[in-house]
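The values are calculated or read from the model by the stated rules, or taken from the named source; none is laboratory data. Computed from a prediction, not measured in an experiment: that's the story for all the values here. Backbone-built Cβ (ideal geometry, glycine too); neighbour counts: all protein chains shown.
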Amino acid sequence: MKISVQTEDFDAGLEIRNVSRHSSIGAVASFVGLVREVAMTLEHYPGMTERAIAKIVDDAKSRWQVIDCTVIHRYGALLPNDQIVLVAVAGGHRGDAFAACEFIMDYLKTQAPFWKKEQTAEGARWVEAKSADDTAAERWK
Amino acid sequence: MKVKVLYFASVREKLGKDAEDIDLPANVATIADLRSHLRSRGGAWADALADSKLLRTAVNQDMVPPAAAIKAGDEVAFFPPVTGG
C-alpha cells in the first residue's frame, strides 16, 4: 500500500506496474483526475490528509479483496491538464478492483481535507463543495 | 484548558490566521462551544464562523460533528467542506 501527498507529478504507468507485482493479482483498476480548464492551487491539512486517505483505503479493504493499492494526491499550484490524483487498486478479479477504486475516489472527494482555489479571469476563488459528491459517497452506505 | 486550533482554506483567509494556541474557559466543552466562543471575538470571527456558514471540523485529525467533546491538548481544526480529488 502506498499513500503519497506530494507537489511533484507522477507516472501513472510506473505506479500501475508497481501495484501489480503480486502473483495473485488478476486485475488493476486505476483512475487519474486532471485539472480541467482553469489553473488552481490545492491546499491540504498535512497529517490529517494522509490519515484520512489511509482510513478510506482500510474501509475499501474491508469491503473488497484489495491485494495492493496506491493513492497519490498532489497539492500546490497546478495548471490545466495537470494530473491531480491517482488511485490504482489491484485485486484478484476486476469486480473488486473497479468497485474499490470508485469507492476510494468517491470518499476522497468528501473526506480528504483538500481545498481547490481556482485562478479565474475575475480573480482567485475557492471552489464550492458539490452536493453531487456527497450523493456519490452516500450510495456506498 | 489549552488547545491548538487550526484554520484552513477560506476560513484561514477570512481570519488572517492559520493556527493559534488558546486557553479556553471552563464552559467550553464541545466543538460547537468553541465555535461560539471564537465567534464572540466579533468582526471577521463572527462572520467566518457564523452558524449560517457550512463548516467541517476535526479533532486530532479526525472529522467530527459539532457535538464532539474537546479536551486539553487537542488539535482542533475548522475548515470549509472539502473539494479535493
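Looking at residue B:51, is it surrounded by fewer than 18 Cβ atoms within 10 Å (Cβ to Cβ) and within 24 Å of residue A:125 (Cβ to Cβ)? Answer is yes for this residue.
Name the residue that is nearest to the other protein chains (Cβ to nearest Cβ), counting only residues in the range B:38-68 that are assigned to a helix (DSSP H, G or I) and among the aliphatic types (A, V, I, L, M).
My answer is B:48.
With the condition kept exactly as written, say whether any residue in the range A:102-113 is more than 12 Å from every other protein chain (Cβ to nearest Cβ) and at pLDDT 95 or above. Checking the range A:102-113: at least one residue is more than 12 Å from every other protein chain (Cβ to nearest Cβ) and at pLDDT 95 or above.
The set of residues in the range A:43-81 that are over 22 Å from residue B:6 (Cα atoms) and either of a type in the set (Lys, Arg) or buried (at least 20 other Cβ atoms within 10 Å of the Cβ) (or both) comprises A:56, A:57, A:60, A:61, A:63, A:66, A:67, A:69, A:70, A:71, A:72, A:78. Of all the listed residues (B:28, B:82), the sole one being surrounded by 19 or more Cβ atoms within 10 Å (Cβ to Cβ), at pLDDT 95 or above and outside any helix (DSSP H, G or I) is B:82.
Looking only at the range A:64-93, residues that are in contact with a Phe, Trp or Tyr (Cβ under 7 Å, 6 or more places away or on another chain) and among the basic types (Lys, Arg) come to 0 in all.
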